[in-house]
1. It is to be established whether one or more residues within the range 66-73 are under 29 Å from ALA19 (Cβ atoms), at pLDDT below 85 and within 13 Å of the chain's Cα centre (by Cα).
2. So, in the range 130-148, how many residues would count as being part of a helix (DSSP H, G or I), buried (at least 17 other Cβ atoms within 10 Å of the Cβ) and not hydrophobic (A, V, I, L, M, F, W, C)?
3. Please find, among LEU51, LEU35, LEU29, the residue that is of a type outside the set (Phe, Trp, Tyr) and either at pLDDT below 80 or more than 13 Å from the chain's Cα centre (by Cα) (or both).
4. Can you tell me which residue within the range 153-182, out of those that are in a helix (DSSP H, G or I) and either of a type in the set (Ser, Thr, Tyr) or touching a Lys or Arg at 6+ places or on another chain (Cβ under 6 Å) (or both), is modelled with the lowest pLDDT?
5. I need the full set of residues from the range 36-79 which are within 27 Å of ALA115 (Cβ to Cβ), of a type in the set (S, T, N, Q) and out of contact with any helix residue (DSSP H, G or I) (no Cβ under 7 Å at 6 or more places or on another chain), in order please.
Amino acid sequence: MGRRSGGREASQVDALITALYYQHGQAVLAYATRLTGDRSAGEDVTQETILRAWRHPDVLVNGKDYVRGWLLKVARNIVIDRVRAQKARPQEVAEDPTRPPVARDHAQGVVDLLAVLDGLDQLTDNHRAVLEQVYLRDRSVRDAADALRVPEGTIKTRTAHALVALRKVMTGPDSRAEGGSA
């Protein structure tokens, strides 16, 4: 794989990618592992994400928050592409039909997570940000408040409102609340 730049510029890009990995690699790995449900697959997705960043070094100079968001979106797209590719392939069968497969099939979990992520895209920025902090990044209320620079009470309120909004998005506009009747 050739680089588009000369020697000195190439070494600067390599240094930028190395710094990128140390700064964002764990977050991308955690996100990818959560999306795939498998640490090994998460590592593969992280590696592919960093490789794509290496191919687009111009993106990496737009600021820390933009870069992390870009990396997470790339990782999500890689997972979506993999799920779609799996659906296009014929289903694998076990060599010995009397023995069940060793690993459980986590495809439905991935599909469900992708549906939730699509739902998150439809929320307001504040609602999406709080759910990403609390659920996707598994942060405490205090840590989420620090990351978003708002009071802890605001995190609690936004989380409650965001979950209601996400439920409405996920169930559609014509759905009724559980137990509700006309």
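The values are calculated or read from the model by the stated rules, or taken from the named source; none is laboratory data. Note that the structure is a prediction, hence the values are computed from the model and not measured. Cβ coordinates were reconstructed from backbone atoms using ideal geometry, including for glycine residues, and neighbour counts include every protein chain displayed.
1. No: zero hits.
2. Number of matching residues: 3.
3. None of the others qualify; the one that does is LEU51.
4. Of everything passing the filter in the range 153-182, THR171 is modelled with the lowest pLDDT.
5. SER40, GLN47, ASN77
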